[in-house]
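Working notes, beginning with the structure itself.
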Amino acid sequence: MNAKKLSDEELWVAIKNNELKAFNIIFERYWSAVYSTSYHYIKDAEVCAEITHDIFLNIWNKRQNLDILSIKAYLTSSARYHVYKREKRVKVIDLKYVENYIGIPESSTRNAAEEHLNCNELEIRINTYLEELPQRCKEIFLLSREEHLSNDEIANRLSISKRTVENQITNALKHLRVSLKHLGIMMIFFKL
């Protein structure tokens, strides 16, 4: 039987059974609907493509735990939700840069070796949190913070929009801020 003639329900069962071909058929069948839905709200082709790919990637990665009754309804709802989530994230994030912020109280009893160990531990934690980021987001963040490239330079180097660079850096900073919150540290080692 021709796989392309299978119903969405039959394809979903195949996807849950790890059949990549069925997933590719669903992707081909619905990517334009997901893209169009997100483009209706965000008139940025690159962002809409990113949202579309994120949705399909999430479906594949979480296929064993999802119970989808209508793939088309699920996908278009996901597109609207991702747009809403992105817009909320862009509006809510308000990081403040403080010149010469000292987050760790200095102590006369602290010696240089102890301070060095604490810095190394913090660096290891930060690197661990950076590894949790999507590859592209991490790459953009490191170009900004380690190579000290401007947003325009990063956009030119990676052939993406400046807006995407700004969004990815914002996402990375938010992730690190939330991850480091329990340590009581506000990015003191990133030379913001």
FRET efficiency for residue 44 and residue 64, using Cβ-Cβ distance with R0 set to 22 Å, rounded to 0.05
0.10
Using the structure shown, list the pairs from 21/138; 43/174; 21/174 with a Cα-Cα distance above 32 Å, or answer none.
21/174
Put a dot 7 Å past each Cα toward the Cβ at residue 177 and residue 81; how far apart are the dots in nm?
2.5 nm
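Where a number appears in this text, it was derived from the coordinates with a stated rule and is not lab data. Only a predicted model underlies this, so the values are computations on that prediction, with no experimental measurement involved. Cβ sites come from the backbone with ideal geometry, for glycine too, and all protein chains shown count toward neighbours.
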